[in-house]
Amino acid sequence: MKKYILTALFAAILVNISAQVITRTTDSKTIDNSIKLGNKSVTTIQVLPKFDVDKLLAEDEAEKAAGLPFRFGYIFETNYSIKNSGQWTELSEGRVWALQIVSKGAFSINLTYDKFYLPKGSHLYVYNSDKTVLQGPITSEHNTLDGQFATDLIQGSAIILEYFEPNEVKEKGIISISKVVHGYVNLFSEPTKGFGSSASCNININCPQGQAWQAESNSVAMILVGDNRICSGALINNACQNFIPYFLTANHCIQNQNVANWTCRFGYKSPTCSGGDGYFYYSYFGSTLRASNADTDFALLELNQRPMGNTGITYAGWSRNPNAPNSSVGIHHPNGDVMKISIENNQATSIAWYEGPANTHWRVSFDQGIIQHGSSGSPLFDQNRLIVGQLHGNQNNICPLGNDFNCWCVTQIPIGEYGRFDVSWNNGLAAWLDPNGTNVMN
């Protein structure tokens with residue numbers, strides 16, 4: 001199955017295209033030029049209470065055996081809205097609502113909205129109090145049919161929401177924040193190696209090893225699962241080649257989660273091999289579960305929005321050839337870090353997962369790079385650059401959830417076990433990826 005880069009031309013002729021939300025590192029001058037309040041301070045502050053982080057970390061270690069997605073944050077149930085929180089500032093052309101949310105000790109904050117509607121001409125920005133990370137603009141193009149929404153992580157322990165409403169749509173906007181997620185795991189801890197907390201033996205996608213895989217990497221995304229967990233996955237093409245935004249990930253990422261509230265983050269990469277001080281990525285909110293199967297641990301979602309043409313996002317190709325790939329590449333987001341690449345130069349082996357059916361997974365032992373928690377659901381590409389599986393894990397993983405780099409880089413054998421795409425085909429994939437029954441192989 002061929003892969004495609006969705007160009008601006010294609011984007012112009014496709015229907016049901018919604019805008020992505022852009023998050024980028026920046027400076028205070030750029031933020032002040034983007035927002036209405038500029039250097040004015042936001043005096044209305046909601047401070048969240050303390051909680052037991054050590055208890056959560058102990059729970060996370062226990063969850064490893066259960067195969068749950070990697071958790072990074074604690075969820076506060078809230079009721080902050082433009083009706084009962086924040087402050088309004090009147091301007092000649094309209095008015096601005098602003099609210100600062102503080103959760104002391106947080107490495108990041110992200111939000112879920114149970115009621116969300118922005119009238120045409122209005123916009124919302126979210127940024128940190130240090131004015132180093134800016135998210136938005138969020139506009140009427142991001143409204144959803146069910147009135148729900150979520151915004152991606154903002155680095156820091158204090159964030160500011162600023163909503164501008166022009167005079168002609170006064171009092172028509174709805175913003176209600178039902179959840180605030182306090183990131184107690186530092187996903188931004190090592191800027192010299194990337195931006196996140198993955199082990200140092202991971203390889204940035206913009207290192208020399210990843211240069212030949214840039215097109216494929218643009219199909220890969222990090223997933224915010226259920227507000228406070230992380231998996232990986234990839235946007236994939238179908239036999240009709242009509243750019244339906246199907247997204248392949250792991251079945252175990254779905255456990256007790258509502259995929260309608262998932263957010264997929266594309267293009268989260270370090271700009272250089274050694275890391276850097278800036279990032280820029282696109283987030284898409286919401287999806288629908290189309291198919292899943294536990295034997296091969298796959299889940300196929302359909303995103304609520306098609307990626308816009310100016311993003312460079314690709315639709316990956318796939319193969320249901322039952323022969324083992326001669327060589328393999330994994331592209332993923334370990335520990336919620338910037339995108340990494342892992343390379344296997346030898347042929348994969350067909351195995352079973354624990355006591356499940358035989359020959360449902362491909363096992364590879366990477367020659368370069370590793371996989372970690374958070375990489376779950378990420379694609380395995382064969383020598384023809386086609387997806388042949390998605391990551392289930394490593395049955396013999398001995399490393400903890402924490403940042404024990406010695407374990408991941410020295411003690412742990414860099415094995416990845418991926419649910420086989422060809423086996424998943426007859427367990428639910430075919431109905432969605434080949435609805436006309438063409439029996440295309442790759």
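The values are calculated or read from the model by the stated rules, or taken from the named source; none is laboratory data. Worth saying up front: this structure is predicted, and the values here are computed from it rather than measured. Reconstructed Cβ throughout: ideal geometry from the backbone, glycine too, with neighbour counts over all protein chains shown. Surface areas here come from the heavy atoms of the whole protein model, side chains and all, with no ligands, DNA or RNA. Shrake-Rupley method; radii C 1.70, N 1.55, O 1.52, S 1.80 Å.
When you look at SER178, is it out of contact with any strand residue (DSSP E or B) (no Cβ under 9 Å at 6 or more places or on another chain), of a type in the set (Gly, Ala, Ser) and in contact (Cβ under 8 Å) with a residue 12 or more places away in the chain, yes or no? So that I can check it myself, show each step before the final result.
Values: out of contact with any strand residue (DSSP E or B) (no Cβ under 9 Å at 6 or more places or on another chain): no; of a type in the set (Gly, Ala, Ser): yes; in contact (Cβ under 8 Å) with a residue 12 or more places away in the chain: yes.
So SER178 does not fit the description; no.
Results for (1) open to solvent by 10 Å² or more (accessible area, probe 1.4 Å); (2) more than 24 Å from GLN148 (Cα to Cα), shown as yes or no for each residue.
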residue	(1), (2)
PRO49	yes, yes
ASP54	yes, yes
GLU61	yes, yes
ILE82	yes, no
SER103	no, no
PHE107	yes, yes
TYR117	yes, no
TYR125	yes, no
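List every residue pair whose Cβ atoms lie under 6 Å apart, where the two residues are 6 or more positions apart in sequence or sit on different chains, the first residue falls within the stretch 88-106 and is farther than 25 Å from VAL169 by Cβ, and the second residue, located anywhere, is of a type outside the set (A, V, I, L, M, F, W, C) and open to solvent by less than 30 Å² (accessible area, probe 1.4 Å).
SER103/HIS182; ALA106/HIS182; ALA106/GLY183
Give the stretch 349-373 a look and list any residue that's closer than 25 Å to MET222 by Cα and of a type in the set (A, V, I, L, M), or say none.
Just the residues of the stretch 349-373 that are closer than 25 Å to MET222 by Cα, to begin with: 353, 360-373.
VAL364, ILE370, ILE371 - these are the residues of the stretch 349-373 that are closer than 25 Å to MET222 by Cα and of a type in the set (A, V, I, L, M).
Check off (1) more than 29 Å from ASP146 (Cβ to Cβ); (2) surrounded by 14 or more Cβ atoms within 10 Å (Cβ to Cβ); (3) of a type in the set (A, V, I, L, M); (4) free of Cβ contacts under 8 Å to residues at least 60 places away in the same chain for ILE31 and give me the number that stays unchecked.
If we test ILE31 against (1) more than 29 Å from ASP146 (Cβ to Cβ); (2) surrounded by 14 or more Cβ atoms within 10 Å (Cβ to Cβ); (3) of a type in the set (A, V, I, L, M); (4) free of Cβ contacts under 8 Å to residues at least 60 places away in the same chain, just (4) comes out false.
Only one of these is within 26 Å of the chain's Cα centre (by Cα) and open to solvent by 50 Å² or more (accessible area, probe 1.4 Å): TRP432, TRP408, TRP362, TRP425. Name it. I'd like the intermediate steps shown before the answer.
Working: TRP408 fails: open to solvent by 50 Å² or more (accessible area, probe 1.4 Å); TRP362 fails: open to solvent by 50 Å² or more (accessible area, probe 1.4 Å); TRP425 fails: open to solvent by 50 Å² or more (accessible area, probe 1.4 Å).
Of TRP432, TRP408, TRP362, TRP425, the one residue that is within 26 Å of the chain's Cα centre (by Cα) and open to solvent by 50 Å² or more (accessible area, probe 1.4 Å) is TRP432.
With respect to ASN321, is the statement that it is open to solvent by 30 Å² or more (accessible area, probe 1.4 Å) and at pLDDT below 95 true?
Details: open to solvent by 30 Å² or more (accessible area, probe 1.4 Å): yes; at pLDDT below 95: no.
Judged against the criteria, ASN321 is not a match.
Return the residues of the stretch 149-168 that are over 18 Å from the mean Cα position of the chain (by Cα) and either at negative phi or open to solvent by 40 Å² or more (accessible area, probe 1.4 Å) (or both); say none if nothing qualifies. Spell out the reasoning first.
Going residue by residue through the stretch 149-168, those that are over 18 Å from the mean Cα position of the chain (by Cα) are 156-168.
Passing the criteria: SER157, ALA158, ILE159, ILE160, LEU161, GLU162, TYR163, PHE164, GLU165, PRO166, ASN167, GLU168.
Suppose the filter is closer than 23 Å to ILE223 by Cα, among the β-branched types (Val, Ile, Thr) and either open to solvent by 10 Å² or more (accessible area, probe 1.4 Å) or over 22 Å from the mean Cα position of the chain (by Cα) (or both); does THR311 pass it? Let's see the steps before the verdict.
Details: closer than 23 Å to ILE223 by Cα: yes; among the β-branched types (Val, Ile, Thr): yes; either open to solvent by 10 Å² or more (accessible area, probe 1.4 Å) or over 22 Å from the mean Cα position of the chain (by Cα) (or both): yes.
For THR311, the condition - closer than 23 Å to ILE223 by Cα, among the β-branched types (Val, Ile, Thr) and either open to solvent by 10 Å² or more (accessible area, probe 1.4 Å) or over 22 Å from the mean Cα position of the chain (by Cα) (or both) - is met.
List pairs: first residue in the stretch 267-294 and basic (Lys, Arg), second residue modelled with pLDDT of 95 or more and surrounded by fewer than 18 Cβ atoms within 10 Å (Cβ to Cβ) anywhere in the structure, Cβ distance under 6 angstrom, at least six positions apart or on different chains.
The qualifying pairs are ARG290/GLU302; ARG290/TRP432.
Need the failing condition index for PRO379 against (1) over 26 Å from the mean Cα position of the chain (by Cα); (2) open to solvent by less than 40 Å² (accessible area, probe 1.4 Å); (3) under 26 Å from MET339 (Cα atoms), just the number.
(1)
State all residues of the stretch 249-293 that are of a type in the set (S, T, N, Q), part of a strand (DSSP E or B) and surrounded by fewer than 17 Cβ atoms within 10 Å (Cβ to Cβ); if no residue qualifies, say none.
Within the stretch 249-293, the first condition is being of a type in the set (S, T, N, Q), and the residues that meet it are 249, 251, 255-258, 261, 263, 270, 272, 274, 283, 287-288, 292-293.
Right, trim to part of a strand (DSSP E or B) and you get 249, 263, 283, 287-288, 292-293.
Across the stretch 249-293, the qualifying residue is only THR288.
Answer with yes or no whether SER189 is closer than 30 Å to ASP422 by Cα and either modelled with pLDDT of 95 or more or of a type in the set (Ser, Thr, Tyr) (or both).
Numbers: closer than 30 Å to ASP422 by Cα: no; either modelled with pLDDT of 95 or more or of a type in the set (Ser, Thr, Tyr) (or both): yes.
Here the answer is no, as SER189 does not meet what is asked.
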